[in-house]
Amino acid sequence: MLVLVLANYDESKFDVILSGTLSPASTIHTTPLLVEYARLLKPGGTVVLREATCKIGEVTNMRSPEKLRSAMKLNGFSDVTESAFVRLSDEECSRLREALSRTYSYAEDDLQNVTVVEVNAKKPSFEIGASSQLSLSFAKKAEQVPKPNPTIAAVWTISANDMQDDDVELVDTDDLLEEEDLKRPNPDSLKSGCGTTTEGKKKACKNCTCGLAEELAEEGGMGKTQAKSKPATSACGNCYLGDAFRCSSCPYLGMPAFKPGEQVKLTPRQLTGDV
């Protein structure tokens, strides 16, 4: 990392970056280092990393292959491939453990199960911080009326020349009437079945539409009401004395006092409102 800072390379200078590919692969790709790689790569450039990894929890402060891929994605790389394990000889494994213990103060006993993985990734096809204006139109689009098909329109078009053509035959409406249609109907046939029976009683037909059925039903209802209505009787015997002696359900409530057996009659003054 220090070498890259001192070199002071321009942005988007390299097409490919190889990191940790030389034995021993003791480089730990920290976040600042991955950010610098993303700055130096051209859009669409490729980076190939090799790093010593282990299973989660085996070695303190050492990442697993999954964590390495996740770190590359979080630092702006795309198309990150699956981790490929690199086979090392016994001599290369010994040199790797020695370099890690010397550089990062790892205990050599903890590095027995360390493996080296290779991960490939690409820089997106645009510069870091690049922006582009989106052409968005919020104006309401005018509704497009479909044009009529001239072939269909011509079928339903009748011009004045067509009406004068001798080949066009027009139907006379009088020819459509028959002799029975011209006869005057008999008034007796227009009468409904409603009327009076031989006994002189009114009777409506089954499908009465002249209103006689409703009239008979109304008259029958009034007759039943009158037959059911009976003269009101007093339960307490004090109804004729006035409202002060009448109960709340008294039929004479609100009427003036009267003599027993006398018919109650209201004067014209009582029938006229005060206001």
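The values are calculated or read from the model by the stated rules, or taken from the named source; none is laboratory data. Fair warning: this is a prediction, and the values are worked out from it, not measured in the lab. Ideal geometry is used to build each Cβ from the backbone, glycine not excepted, and the neighbour counts take in all protein chains shown. For the accessible areas, the whole protein counts, side chains as well, though only heavy atoms, and no ligand, DNA or RNA atoms are used. Shrake-Rupley method; radii C 1.70, N 1.55, O 1.52, S 1.80 Å.
The table that follows gives values for the structure above.
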quantity	calculated
Number of the condition not met by LEU18 [criteria: (1) touching a residue at least 12 places away in the same chain (Cβ under 8 Å); (2) open to solvent by less than 80 Å² (accessible area, probe 1.4 Å)]	(2)
Leading residue by the ranking (nearest to ARG39 (Cα to Cα)) among those in the stretch 77-91 that are assigned to a loop (DSSP other than H, G, I, E, B) and open to solvent by 100 Å² or more (accessible area, probe 1.4 Å)	ASP79
The listed residue being basic (Lys, Arg), closer than 30 Å to SER19 by Cβ and either at pLDDT 70 or above or open to solvent by less than 100 Å² (accessible area, probe 1.4 Å) (or both), out of LYS203, LYS123, LYS147, LYS183	LYS123
Residue in the stretch 22-36 that is farthest from the chain's Cα centre (by Cα), counting only those that are of a type in the set (Val, Ile, Thr) and within 22 Å of VAL59 (Cα to Cα)	THR27
Close pairs from the stretch 75-92: first closer than 21 Å to LYS122 by Cβ, partner among the small types (Gly, Ala, Ser) and at pLDDT 85 or above, Cβ under 8 Å, at least 6 apart	ASN75/ALA38; GLY76/ALA38; PHE77/ALA38; PHE77/ALA121; SER78/ALA121; ASP79/ALA121; VAL80/ALA121; THR81/ALA121
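One line per residue, one yes/no per condition, for (1) at pLDDT 85 or above; (2) open to solvent by less than 50 Å² (accessible area, probe 1.4 Å):
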| site | (1), (2) |
| --- | --- |
| ALA25 | no, yes |
| THR30 | yes, no |
| VAL35 | yes, no |
| ALA52 | yes, yes |
| VAL59 | no, yes |
| SER64 | yes, yes |
| LEU68 | yes, yes |
